[in-house]
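The values are calculated or read from the model by the stated rules, or taken from the named source; none is laboratory data. Remember, it's a predicted structure, so these values are computed and weren't measured experimentally. Every residue, glycine among them, receives a Cβ derived from its backbone with ideal geometry; neighbour counts consider all protein chains shown. Accessible surface areas use protein heavy atoms only, side chains included; no ligands, DNA or RNA. Shrake-Rupley method; radii C 1.70, N 1.55, O 1.52, S 1.80 Å.
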Amino acid sequence: MFVTENRQNLHEAIKGVSFPSSGVPFSLGDTVFVFPGFADVHVHLREPGFSYKETIESGTRSAARGGYTTVCAMPNLNPVPDTAETLALQLQAISDRAVIRAYPYGAITMGEKGERLADLAAMAKDVCGFSDDGRGVQDEGMMREAMMRAKALGKIIAAHCEDNSLLFGGYIHDGEYCRTHGHKGICSKSEWGPIERDLRLVEETGCSYHVCHISTKESVQLIRDAKASGIDVTCETGPHYLTLCDEDLQEDGRFKMNPPLRSREDKDALLEGLCDGTIDMIATDHAPHSLEEKAKGLAGSLMGVVGLETAFPVLYTHLVKPGILSLERLSQLLSDNPRRRFGLPGGYENGDYTVWDLSENYTVDPNEFLTMGRATPFTGMQVSGRCLMTVCNGRVVYEV
């Protein structure tokens, strides 16, 4: 029997392991499994500019506790990384304080304002891709030019797809809960409309294109069809969209994120897309805010929830245990696929792995989190799977 309470046992067991060449998880005995370190291509580390919400240190420690050894940090910061000079501030902070591998995105447009292109060429060698996450690029000509430049630089455009003209002040899904509780809704077309436009531009420009946090059934079908026609597109969705829908909403800011929790039909379409390969990876969109910013209900709270420390337990509990996904497939979605698409180092061959006890059952309690954020829709949920250790580049970065 493997005694998980004994750290020495765990260290000794790992020392004797011959790691597989592929990224498949493997057992150390009983219910303890080793996975290649997870990679999240969509997190918000909030530094520089918003360190009252999160810091690079707290965010990467949170990631390590969740089994992640690599994260890609979105550019909605202050200053926005839109030139080599502004990017350098973030790069230095990552070098000084990140406990795992962290790679920034460069902005697509200056200040993420959508008015003129950022200095993509100057940033290209230091970023994992380009994104205006948090804001959709509204102008078609601007997006076309961004794609052409990204194509020339060999970089991915990771798009936040949102048509501002269709929002009308909405903040949750325009569904039954929205209507019966007197809220303002966000229609599904505000997401899938820009995806439809961008896929046409990708076909025209040949750009490598990645769609962030898809949430609607139409988005799944558009991407499925685009892949079938040979368009270079990948996409992600989040654990909350796969396990919750607008029927689960409560009058609490911890259920408010962008895009919003959609209908049960949308959730089912996402699960189908996950199983048939349309959806390439799962990313958390970890977006911490202060307690005050999340304490104003659905209408008044800022959008965004934390997710790095709950992703694997929630997905294992709701997708693997019921037989929707295999453990190996989940590992691909959390590790192999994001690394391959974004050209990220990591995995067993780079000394990146994470050890989990899949038998441990507990209740999600945000007060135990290492992130500074506390808003999660999974508060109080019963889950299985606890991280025992995470190793990045051969160095222990988290241990129970």
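Every residue in region 256-268 that is surrounded by fewer than 23 Cβ atoms within 10 Å (Cβ to Cβ) and not in a loop (DSSP other than H, G, I, E, B), please. Reasoning before the result, please.
Step one: list which residues in region 256-268 are surrounded by fewer than 23 Cβ atoms within 10 Å (Cβ to Cβ), which gives 258, 263-265, 268.
Hits for region 256-268 are Arg264, Glu265, Asp268.
Are any residues in region 139-176 open to solvent by less than 20 Å² (accessible area, probe 1.4 Å) and closer than 26 Å to His240 by Cβ, and if so, which ones? Result: Ile156, Ile157, Ala158, Ala159, His160, Cys161, Gly170, Ile172, His173, Gly175. Pairs, please: C-beta under 6 Å, at least 6 apart or cross-chain, first residue within 22 Å of Ser331 (Cβ to Cβ) and in region 227-246, second in a strand (DSSP E or B) and of a type outside the set (Phe, Trp, Tyr)? Listed by first residue and then by second, the contacts come to Thr234/His210; Cys235/Val211; Glu236/Met281.
Can you work out which of the residues in region 101-111 that are open to solvent by 10 Å² or more (accessible area, probe 1.4 Å) and closer than 22 Å to Ala283 by Cβ is farthest from the chain's Cα centre (by Cα)?
Filtering region 101-111 down to residues open to solvent by 10 Å² or more (accessible area, probe 1.4 Å) leaves 101-103, 110-111.
After this cut, where a residue has to be closer than 22 Å to Ala283 by Cβ as well, the list is 101-103.
Values: Arg101: 15, Ala102: 13, Tyr103: 13 Å.
That would be Arg101.
Listed by first and then second residue, the pairs with beta-carbon distance under 6 Å, at least 6 apart or on different chains, first residue in region 121-144 and touching a residue at least 24 places away in the same chain (Cβ under 8 Å) and over 18 Å from Cys235 (Cβ atoms), second buried (at least 18 other Cβ atoms within 10 Å of the Cβ) and charged (D, E, K, R), are Ala124/Lys155; Arg135/Glu112.
Every condition in (1) closer than 26 Å to Ala287 by Cα; (2) free of Cβ contacts under 8 Å to residues at least 40 places away in the same chain; (3) surrounded by fewer than 18 Cβ atoms within 10 Å (Cβ to Cβ) is met by His181 except one, and the failing one is (2). So for region 34-45 (the condition being at pLDDT 90 or above and open to solvent by 20 Å² or more (accessible area, probe 1.4 Å)), does at least one residue qualify? No, that holds for no residue. How many residues, within region 122-138, are over 24 Å from Pro260 (Cβ atoms) and open to solvent by less than 70 Å² (accessible area, probe 1.4 Å)? Selection size over region 122-138: 8.
Identification of strands (runs of 3 or more DSSP E) wholly contained in region 11-56 with 2 or more residues that are at positive phi yields no element. When region 307-337 is limited to residues that are in contact with a Ser or Thr (Cβ under 8 Å, 6 or more places away or on another chain) and not in a helix (DSSP H, G or I), the one that is most open to solvent (accessible area, probe 1.4 Å) turns out to be Lys321. If you go through region 57-82 and keep only what is in a loop (DSSP other than H, G, I, E, B), more than 16 Å from the chain's Cα centre (by Cα) and of a type outside the set (D, E, K, R), you end up with Leu77, Asn78, Pro79, Val80, Pro81. Taken as a whole, the condition of being modelled with pLDDT of 95 or more and open to solvent by less than 10 Å² (accessible area, probe 1.4 Å) applies to Thr371.
With the structure loaded, tell me whether Arg61 is among the basic types (Lys, Arg), out of contact with any Pro (no Cβ under 7 Å at 6 or more places or on another chain) and farther than 26 Å from Asp198 by Cβ or whether it fails that test.
Working: among the basic types (Lys, Arg): yes; out of contact with any Pro (no Cβ under 7 Å at 6 or more places or on another chain): yes; farther than 26 Å from Asp198 by Cβ: yes.
So Arg61 fits the description; yes.
Within the group Glu191, Glu162, which residue is part of a helix (DSSP H, G or I), under 14 Å from Arg135 (Cα atoms) and charged (D, E, K, R)? Explain how you work it out, then say what you get.
On the way: Glu162 fails: part of a helix (DSSP H, G or I).
Just a single option satisfies the conditions, and that option is Glu191.
Only one of Thr390, Thr354 is buried (at least 19 other Cβ atoms within 10 Å of the Cβ), touching a Leu at 6+ places or on another chain (Cβ under 9 Å) and among the β-branched types (Val, Ile, Thr). Can you tell me which? Give the steps one after another, and end with the answer.
On the way: Thr390 fails: touching a Leu at 6+ places or on another chain (Cβ under 9 Å).
Just a single option satisfies the conditions, and that option is Thr354.
From Asp285, Asp280, which residue is under 25 Å from Phe33 (Cβ atoms), under 17 Å from the mean Cα position of the chain (by Cα) and touching a residue at least 60 places away in the same chain (Cβ under 8 Å)? I'd like the intermediate steps shown before the answer.
Details: Asp285 fails: under 25 Å from Phe33 (Cβ atoms).
Going through Asp285, Asp280 in turn, just one is under 25 Å from Phe33 (Cβ atoms), under 17 Å from the mean Cα position of the chain (by Cα) and touching a residue at least 60 places away in the same chain (Cβ under 8 Å): Asp280.
Residues that are at pLDDT 95 or above, touching a Gly at 6+ places or on another chain (Cβ under 8 Å) and farther than 23 Å from Val400 by Cα occur in region 339-347; there is at least one. Every condition in (1) surrounded by fewer than 21 Cβ atoms within 10 Å (Cβ to Cβ); (2) more than 27 Å from Ala98 (Cβ to Cβ) is met by Leu298 except one, and the failing one is (1). Would you confirm whether any residue within region 200-213 is within 21 Å of Asp246 (Cα to Cα), surrounded by 14 or more Cβ atoms within 10 Å (Cβ to Cβ) and modelled with pLDDT of 95 or more? Yes, that holds for at least one residue.
Annotation: of all residues in region 220-254 being outside any loop (DSSP other than H, G, I, E, B) and of a type in the set (A, V, I, L, M, F, W, C), the one that is nearest to the chain's Cα centre (by Cα) is Cys235. The residue that is surrounded by the fewest Cβ atoms within 10 Å (Cβ to Cβ), among those in region 49-99 that are among the aliphatic types (A, V, I, L, M) and out of contact with any helix residue (DSSP H, G or I) (no Cβ under 8 Å at 6 or more places or on another chain), is Ala88.
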